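The values are calculated or read from the model by the stated rules, or taken from the named source; none is laboratory data. Everything numeric in this text was worked out from a predicted model, so none of it was measured. Positions of Cβ are generated from backbone atoms using ideal geometry, with glycine treated the same way; all protein chains shown enter the neighbour counts.
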Amino acid sequence: MTEQTDAESTHAQGEQPGQAPLDDREIRPGEPESFGLVQAWWGDGKGKTTAALGMGFRAAGHGYRVHVLQFMKGGTGSVEDVRGEYNAIAAMPAISYENAGHYGWHGRLDNSSDDDHEREAQQGLERARELVEAAGDADLDEPLTLDGDPEDGVHMLILDEILYAANRGLISPDSVLDLVEEKPSNLELVLTGSHEKPDYLYDHADLVTEVSKEQHPFSSGHRARKGTEF
C-alpha cells in the first residue's frame, strides 16, 4: 500500500495545496470588485430560489454582505414555517433574511385571503425600497460589517419570489422596474419567481434565466420534501 503525499492528503480532505487548513479559515469582510448587475430567475422548474441562495452563500463566503427578502413565503400547511435555508443563514456570517409573505400560498385552497396576500406583498415592496435606498446611502466599494443590519447597506440583495408577486397582481411589474432603476450602480440585485415570462424585465436585466420543467415529482403526487424544497 503506497503512502499518500502531503499534497494528496490535503486534497483528499477537501483542501488545495497552498490554502489554509479548513479549521483555520475565517470569513472576513470583503468588497466585490464588479458587482452591480441585475439577475432574474423565472420558469416552471424547480431551482430558482435554490440558485439564488447558492449564489448568496457564495458571495457571503467571500465576505460580501448579502440580504434575502422573501415574498409570498410565510409557511403553509405542507411546508414548515422554519425552512432549512433559514437555519443555514443563521449559522453563516455575512448573510441574513426576512419574510414578507402571508401564511399559505396565493391561489391555493388554504382559505388564505387575496387581500392579506396583497397587503403583505405591498409591505414587502416597501421594505425592498428601503433596502435599495439604504444600499445607495452606503459605500459598497468598501467591506461591510458581516453581521451588520441590512439598513446599513448590502452588496447583494436577493428578492425571492418577487416576480411571482408581480405575476399574480399583488404588486405591479412597474414597481419591480422602479427597484431596478433606483438601485445603486454597484448593488447586485437578484430577482426570482414567476411561471410566466417577465417580458417587462428583459430590457432592464443583465441576466435572465428560465428554469424549465422537464419532469417534476409534484406531477406524480409528491409533496414538498424537507431538505430539498424547504
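Here are a few things to note about the model shown:
- Residues that are at pLDDT below 95, surrounded by 11 or more Cβ atoms within 10 Å (Cβ to Cβ) and over 19 Å from the mean Cα position of the chain (by Cα) are absent from segment 172-183 altogether.
- Yes/no for TYR86 being of a type in the set (Ser, Thr, Tyr) and at pLDDT below 95: yes
- Scoring GLU188 on the criteria (1) among the charged types (D, E, K, R); (2) in contact with a strand residue (DSSP E or B) (Cβ under 6 Å, 6 or more places away or on another chain); (3) at pLDDT below 95 leaves a single failure, condition (3).
- If only residues of segment 5-58 that are modelled with pLDDT under 55 and surrounded by 11 or more Cβ atoms within 10 Å (Cβ to Cβ) are counted, the one that is nearest to GLN215 (Cα to Cα) is HIS11.
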